[in-house]
1. How high is the FRET efficiency between A:Gln348 and A:Asp208 when r is their beta carbon distance and R₀ equals 35 Å, given to the nearest 0.05?
2. With r as the distance between the Cβ atoms of A:Glu70 and A:Asp154 and R0 = 41 Å, compute the FRET efficiency 1/(1 + (r/R0)^6) and round to 0.05.
3. Work through the residues other than A:Gly261 whose Cβ is under 15 Å from its Cβ and net out their charges, Lys, Arg +1 and Asp, Glu -1.
4. Per 0.36 nm of contour for each residue apart, how much would the distance between A:Arg116 and A:Asp169 grow if the chain were fully extended, relative to their Cα-Cα spacing?
5. Radius of gyration and Dmax for chain A's Cα atoms, expressed in Å?
6. Taking only DSSP H segments of four or more residues, each worth -39500 (n - 2.57), what value at 222 nm results for chain A once the sum is divided by all its residues, to the nearest 500 deg cm²/dmol?
7. Fewest first, what order do A:Glu8, A:Glu36, A:Glu458, A:Glu76 take by the number of other Cβ atoms within 10 Å?
8. Run the numbers for A:Glu307 and A:Thr276: contour at 0.36 nm per residue of separation, minus the present Cα-Cα distance, in nm.
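Every read-out reported here was derived from the displayed coordinates using simple, explicitly stated rules and does not represent laboratory data. In this text the structure is predicted, and so the values were computed from the model without any measurement. Note that each Cβ is placed from the backbone with ideal geometry, even for glycine, and that neighbours are counted across all protein chains shown.
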Amino acid sequence: MSASPVDELAAAVGRAVAAVGGDGVPVRLDRPADPEHGDYATAVALQLAKPLRAAPRDIAGRIAAAVASEHIASVEVAGPGFLNLRVSAAWYRAAVGRVLEQGPRYGSGAAARPQRVQVEYVSGNPTGPVTVATARNAAYGDSLARLFEFAGHDVGREYYFNDAGRQIDLFGESLRARARGEEPPADGYQGEYVAEVAAGLGLDPGADTAAWARAGTDAMIGRIRATLARFRCSFDTWFLERSLYESGAVGRAIERVTAGGHVYEADGAVWLRSTTFGDDKDRVLERTDGTFTYVAGDLAYIADKLERGFDTAVYVLGADHHGYIGRLKAAAEALGYDPDRIDVQIYQLVRLRDGKMSKRAGRIVTLDDLLDAIGVDAARFALVQRGHDQPIDLDLELLTTQNSENPVYYCQYAHARIAAILRRADGAAAQPDPSWQPEPAEAELVKALAEFPDLVAEAADRRGPHRIAGYAQETAKAFHQFYKQCKVIGAEPAVERSRLALCRATAQVMATALDLVGVEAPESM
RNA sequence: GGGGGCGUAGCUCAGGGGAUAGAGCAGCAGCCUUCUAAGCUGACGGUCGCAGGUUCGAAUCCUGCCGCCCCCGCCA
């Protein structure tokens, strides 16, 4: 995909920089806060002062004199040596035209090196419904996958069900107890949904707990898939931990690390010497009683993923799983893989107004509850609009009672307003008119649209889909301001054509941005 | 004790080497005979946790300290 409109400006400045001896120094353009500082500004002359051993203002003056582009109307030197650019009407026209030409592809293809990337996300135990706490994983992980795909990577989305281990036995015991009208074990599952699931299975209460567990997890998996589909999270593959044992993959993985000399026996158990690869401590693979640990499953799972041909395996995990990073990377390395192929993204936990949530405690606030209350769009936006490194406080009451003030509606409203304008217009202009001289509000909107490709690239690079949400808000704001200041229908014909083209371009970019965070762009509200 | 994340406006949070630090919400003053007022305009609001360091320049990078959250199992 070609460079963004802003990249082309930077390239023009870059040629001037090279001409004054600063070859190879990247030119980064910023949008100055102060309009007096032009449309775009760069501090490249300040950075060149040392290597060129010259005064920044002198260098800036030489660069300014060397800049030549029909898209740059003026260049001036300011302050300690900043270069402030003003762009031409031709640039604004070209920027809008580019959006309309590329349509839904505008902003895509940012990946310098397209890869096969797997994003594994949500991945909970199939012993209870998806909670609001897990919802952040779903919203973040799905948006990240969309972002990777849009950037040009070949993405596989996977859910890993931990359907092996003691929690499954406990779930079976809890289900059977409820079916018999008894209380579940003290360390079992207490939630109300347990009785409901048990009643829906139609199993004989006398059946053994393994049968209950199997039927119960199958039922829960169905529910989880339905909830996630409702939340617009798509998965290509649903992976069962159980299958790693049934296929013998766990045994083969352990043989492999054993052959590599990374396994030893101690205290009657089999250990992985993961400390060799930077882990905090060695990990038990096979317990004294001969059963395998979760780590053994991880080991086999990593081998399975990477052997499927993914260059990178992304894990989306909550902050409480921080300790996983070292373990997973060590496991990959013990198997003989480059640990950099394991990309663990940790998101900070969602804190709710009335305390933490736990499946076993029974105080469940499910994702479905949240969706019933505020809808998919508001929920996805609320969960993805903050950086994943940032702990967020969710005030559910505020979200449910003040949903009209949720920023997501602000963005959607911009799209719906444009749709209303386009419905009233006779035919949509394919391009701005050559005579178009954008007014300030129009110019701001175009600059917002021009920024999109670079923003997508940065968001993908930093694994930060929240940047897209913030961008959607900024662009919506630029549109609402334009809308108040510039009449579209009924303006002079050339101006009307130009503004209709700008409206269409804005609608396109808003729709793309909202889609990247899993939010719909409505035609009317 | 060890490790990780965070500390920015009254609240929730962007920004992560560039010029006078931003947005939303809350609160104040205005704007609907005009393409959707779920909107717009203006004013108010700051010791970017504290102290050092790096340099032309630090909210941003480094070190130390303080505070909050999470993790440190032959659970998964």
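1. Calculated transfer efficiency: 0.25.
2. Values: r = 38 Å, r/R0 = 0.93.
That pair, A:Asp154 with A:Glu70, gives E of 0.60.
3. On the way: positive: A:Arg256, A:Arg273; negative: A:Glu255, A:Glu265, A:Asp282, A:Glu333.
Net local charge, A:Gly261 excluded: -2.
4. Details: separation 53, 0.36 × 53 = 19.08 nm, distance 3.64 nm.
Gain on stretching A:Arg116 to A:Asp169: 15.4 nm.
5. 27.9, 89
6. On the way: 18 runs with 265 residues, N = 525.
Dividing the helical sum by the residues of chain A leaves -16500 deg cm²/dmol.
7. Details: A:Glu8 19, A:Glu36 8, A:Glu458 12, A:Glu76 15.
Ranked by crowding around the Cβ, least crowded first: A:Glu36, A:Glu458, A:Glu76, A:Glu8.
8. Values: separation 31, 0.36 × 31 = 11.16 nm, distance 2.31 nm.
My answer for the length gained is 8.8 nm.
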